[in-house]
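Scroll down for the structure; my scribbles are underneath it.
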Amino acid sequence: MKYTVAQLARLLDRSFQGDGTRQILKISSWESADSTSLVFLEAKHKGDIPPEGPMAAAIIASPGLAAPNWTAIISEKPKLDFAKAAQLLYPTPRGSGARHSSAVIAADSTLGAGVDIGPQVTIGARARLGEGCILQAGVVIGDDCILGNHCVLYPRVVLYPGVVLKDRVVLHSGVVVGGDGFGYVFDGERQVKFPQVGGVVIEDDVEIGANTTIDRGSLGITRIRRGAKIDNLVQIAHNVDIGQHVVIAAQTGISGSTVIEDFAIIGGQVGFGDHARVEKGAIIGSKAGVLPGKIVRSGDVYWGVPVRPLREYKLLNALFGRLPEMKADIDALKQKVKMLERHPKDGEPPISRLKG
Amino acid sequence: MKYTVAQLARLLDRSFQGDGTRQILKISSWESADSTSLVFLEAKHKGDIPPEGPMAAAIIASPGLAAPNWTAIISEKPKLDFAKAAQLLYPTPRGSGARHSSAVIAADSTLGAGVDIGPQVTIGARARLGEGCILQAGVVIGDDCILGNHCVLYPRVVLYPGVVLKDRVVLHSGVVVGGDGFGYVFDGERQVKFPQVGGVVIEDDVEIGANTTIDRGSLGITRIRRGAKIDNLVQIAHNVDIGQHVVIAAQTGISGSTVIEDFAIIGGQVGFGDHARVEKGAIIGSKAGVLPGKIVRSGDVYWGVPVRPLREYKLLNALFGRLPEMKADIDALKQKVKMLERHPKDGEPPISRLKG
Amino acid sequence: MKYTVAQLARLLDRSFQGDGTRQILKISSWESADSTSLVFLEAKHKGDIPPEGPMAAAIIASPGLAAPNWTAIISEKPKLDFAKAAQLLYPTPRGSGARHSSAVIAADSTLGAGVDIGPQVTIGARARLGEGCILQAGVVIGDDCILGNHCVLYPRVVLYPGVVLKDRVVLHSGVVVGGDGFGYVFDGERQVKFPQVGGVVIEDDVEIGANTTIDRGSLGITRIRRGAKIDNLVQIAHNVDIGQHVVIAAQTGISGSTVIEDFAIIGGQVGFGDHARVEKGAIIGSKAGVLPGKIVRSGDVYWGVPVRPLREYKLLNALFGRLPEMKADIDALKQKVKMLERHPKDGEPPISRLKG
């Protein structure tokens, strides 16, 4: 897509200055921008800004940051408006009904209008796909899966049987949804598999990164709620419930039946024991560890293994770094006290000789 | 499959009460159960139990937990028997000889009776598959691989050449077995690849979760022994030896030549240096770190980075949380001792003025 | 390939002793060696060495380690020469122009001489592949990708559109290159996707392990420089820059825009915040955590969360283990000081009664 500066400003509901007729074809970084680019500048930007401004069609900038001679869209939230502009310039692709001859599509599956099916795709029995879905090369849709409208599945995504995706779900390459949860009961000699016969539901506008794995519920449902965003190589175990608009960074692992409530933000490489709960909007830093059954309260930032409020963690970590000094203080105190005990009423200062 | 309550009780070698003629078609959670469901109830169950019992065909319950009016199978181990019942109700599927026309099967490979080959499967030269194996869509079997009987490979599993699976091995989607181990020798200018020409053997009844990677031995063998269960996104390096019935949770990584002995239980996101050893039956908590060459002894539970016995770890972690208090105590002691040193024989209590 | 002992010694630029005419067909461990094997022995070898030497065609050994009756290549760096010998014995396979009929190759793509295309491969529009590349089963090459010469892509590798590989890049099964980076801007109600429209460049001789994910730049480029080696299940985020000959072990995660300079060595399960920098040749131990924006200096080994120089970490960890003793010391000191305060000039030793 392309827009003039004036069109884009209007769509973003922002004012602009300079030449509103310039064509914007793409977004760019400052380094790679050219005369068809849109760039952005935030108030917290560090570093030099050339007085002639960026080599770009236009800039989205905080009020006061754009020089009078620049063509600029003025925004209180330049990064957010830049992201919105990108969505206008690069609309999510929607299927047009292309079907590659190498795809293997069950006769009793149902495909909505405008579904694109790439090479080597497999669609199982009784699967139902909504309008405009795009299934790229090598995607496998298990029997009885249900997809809403306008889902995009990148190459080699696998849905086990019975998985449900709502609308506009985006799954990146190598994502596996609906594999068996990890549950066994030891009978004294061997591990007996606990049944993994539940389902997975992924709601509207969820996006999931490459090679992430999401297990089916054992008896119930694993659920990823509306608008949640999950990075690469994340593990979501059986019966986990991820809230709306939650963000989870790469390589985090969430054990069975844990609940992450709406708007929580989870860093990378975090680990959650089972049956834990993160309350609405809580923030958990990277590499943190949450014990089984733990409740992480709203309204704070958490860090560490096991998680603690960030302020507390920082204090403890600082003191951890001062352990040598604390140890030395204790040793000196022991020495001094020993001297005091020996000479409790000796007229001469007993320690001074040691010091000197 | 379906069973009457009486049949199932007999197969589980348990007694039952109530209507033994009821048909059981499935297992369910209490919430989703209906008149054809089997549910279970353990003594440690928390929460209310409706006096009329579950809406189910029958319940497996600990002695004394089932009201007299319920139809129930009475078991000392309800969860284990529930798992066993599930295996009866949902027997592992076995191949029936279906071969999809899109599969690419080397002419000199050997397929046992009843092997199912899904769409887009590739089977390499001289590969040999035992009876009743199921290869789902897009599985790749490298040259010279050998599979036992009744293995199930979910979509997109990849076996590099020469991998050996024994009987009833289950590999979930995206598992990669037999990739090169990670070994290089620095020649002063660049990393020279150390040869990775060994093999992988995965024994009977092993199950491996989605997107887990298992490297081939460099010169020797990477081995996963009978009955071991490995979760999603786990990394098993070259020459690792995983013992019988070991359980390893998600995202754990095991470096080269490390040995995990039989019946050990390893949490999620644990990391093992190379040439470490976990003795039989040891338990290692999630997120722990085991140093290279470390021996983790039998008969205990371990935690932390580096691992320590859990009791010790708990004590240390509690004291870590009390560092501010310890620091304050030290500072107060320093002050008091300074006063004592100044006034070792002063008649008045020198500290009281500070306190008061 | 096969070589005589004399040929191999000459190619390695080393001297040999014994029977130079023996044929070497393979490398082996001592345990699995036979009369056509090459084995090696380093000075730091522990354990018994049978006086008759290995059952092998020849051994590469440090000076003085090989008995006079052994056939041996004498090397100051036996392991390195063993690795080099392996490269001679097992040269990297190069394509010969085989094309499987099931592959789907865009009409406007360009394939160099001797490119091998396996079953179920998909090659997108305008893609260009250099000479002798090997694409194994199920590889997906997105539109506009550019591959240099002699790249090897194992089964199921996915390149998103526009990815650039230089020469001799090796990607193991399940690697995903060029997926969207993980960036969102919260608009107060939902996460708005920040554009991920940059590229990925992977330079000469890079090798990347199974199921590793490498995201495209958001606006700029994600770059893996010449000779870098990356293990399995690693996450490389948008705009990361990995230096030449860097080594990164399994399950490490690197957040956006972080820079790892040349020759750095990174352990497994390490986590990097965004915009961090590791200076040339620094070594970071497994499970370490590097905070956002942190600079890790050259010339040292680092450990811990957050990272500290190893010496410091070891000291702190040792003191951490002594916290119970420190706590006990503090408590004893408090008691003693209390006694001293009570009896500052009392004639009798006030503590002795407690002790006794």
(message) Looking at segment B:296-312, can you tell me whether even one residue there is more than 30 Å from B:His238 (Cα to Cα) and within 12 Å of chain C (Cβ to nearest Cβ)?
(response) yes
(message) With the structure loaded, tell me whether B:Gly217 is surrounded by 22 or more Cβ atoms within 10 Å (Cβ to Cβ), more than 24 Å from A:Gly174 (Cβ to Cβ) and at pLDDT 95 or above or whether it fails that test.
(response) yes
(message) Can you tell me how many residues within segment C:72-82 are within 14 Å of chain B (Cβ to nearest Cβ) and either crowded, with 24+ Cβ neighbours inside 10 Å or not in a helix (DSSP H, G or I) (or both)?
(response) 6
(request) Search segment C:271-317 for residues being farther than 18 Å from C:Gly243 by Cβ and among the polar types (S, T, N, Q), and hand back the single one that is surrounded by the most Cβ atoms within 10 Å (Cβ to Cβ). (result) C:Ser286
(request) Return the total of residues in segment A:1-37 being under 12 Å from A:Ala85 (Cα atoms) and in contact with a Lys or Arg (Cβ under 7 Å, 6 or more places away or on another chain). (result) 6
(request) Give the residue that is nearest to C:Ser173 (Cα to Cα), with candidates limited to residues of segment B:135-149 that are assigned to a loop (DSSP other than H, G, I, E, B), touching a strand residue (DSSP E or B) at 6+ places or on another chain (Cβ under 8 Å) and of a type outside the set (Gly, Ala, Ser). (result) B:Val139
(request) State whether one or more residues within segment C:173-194 are charged (D, E, K, R) and within 14 Å of the chain's Cα centre (by Cα). (result) no
(request) Taking B:Ser32 as meeting all but one of (1) touching a Ser or Thr at 6+ places or on another chain (Cβ under 6 Å); (2) without any contact (Cβ under 8 Å) to a residue 12 or more places away in the chain, write down the number of the exception. (result) (1)
(message) Please verify whether C:Val185 is in a strand (DSSP E or B) and over 23 Å from B:Arg216 (Cα atoms), treating the condition exactly as stated.
(response) yes
(request) Taking A:Gly95 as the residue in question, decide whether it is surrounded by 21 or more Cβ atoms within 10 Å (Cβ to Cβ), farther than 17 Å from A:Gly162 by Cα and touching a His at 6+ places or on another chain (Cβ under 9 Å). (result) yes
(request) Could you identify the single residue in A:Tyr90, A:Tyr160 that is of a type in the set (Ser, Thr, Tyr), touching a Phe, Trp or Tyr at 6+ places or on another chain (Cβ under 8 Å) and either under 30 Å from A:Ile24 (Cα atoms) or within 14 Å of another protein chain (Cβ to nearest Cβ) (or both)? (result) A:Tyr160
(message) Going by what's in this entry, would B:Gly132 be described as away from chain C (no Cβ under 13 Å), surrounded by 21 or more Cβ atoms within 10 Å (Cβ to Cβ) and either of a type in the set (Ser, Thr, Tyr) or not in a strand (DSSP E or B) (or both)?
(response) yes
(request) Answer yes or no as to whether C:Leu165 is within 14 Å of another protein chain (Cβ to nearest Cβ), closer than 27 Å to C:Gly256 by Cα, among the aliphatic types (A, V, I, L, M) and touching a Leu at 6+ places or on another chain (Cβ under 7 Å). (result) no
(message) Against the definition (buried (at least 20 other Cβ atoms within 10 Å of the Cβ), assigned to a loop (DSSP other than H, G, I, E, B), more than 14 Å from chain C (Cβ to nearest Cβ) and at pLDDT 95 or above), how does A:Gly256 come out, yes or no?
(response) yes
(request) Filter segment A:267-282 for residues that are outside any loop (DSSP other than H, G, I, E, B) and within 12 Å of another protein chain (Cβ to nearest Cβ) and give the result. (result) A:Gly271, A:Phe272
(request) Among the residues of segment A:102-129, count how many are away from every other protein chain (no Cβ under 14 Å) and either in a strand (DSSP E or B) or modelled with pLDDT under 95 (or both). (result) 4
(message) Which of the numbered conditions does C:Ile146 fail, given that it passes all the others? Conditions: (1) modelled with pLDDT of 95 or more; (2) buried (at least 21 other Cβ atoms within 10 Å of the Cβ); (3) in contact with a Gly (Cβ under 9 Å, 6 or more places away or on another chain).
(response) (2)
(request) Just need a number here: residues in segment C:188-222 that are in a loop (DSSP other than H, G, I, E, B), facing chain A (nearest Cβ under 8 Å) and among the basic types (Lys, Arg). (result) 1
(request) Give me the pairs, please: first residue somewhere in segment B:140-155 and aromatic (Phe, Trp, Tyr), second residue anywhere and at pLDDT 95 or above and surrounded by fewer than 21 Cβ atoms within 10 Å (Cβ to Cβ), beta-carbon distance under 6 Å, and either six or more positions apart or on two chains. (result) none
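The values are calculated or read from the model by the stated rules, or taken from the named source; none is laboratory data. As the structure is a computational prediction, the values presented were derived from the model and not from experiment. Using ideal geometry, Cβ is built from the backbone for each residue, glycine included, and neighbour counts are taken over all protein chains shown.
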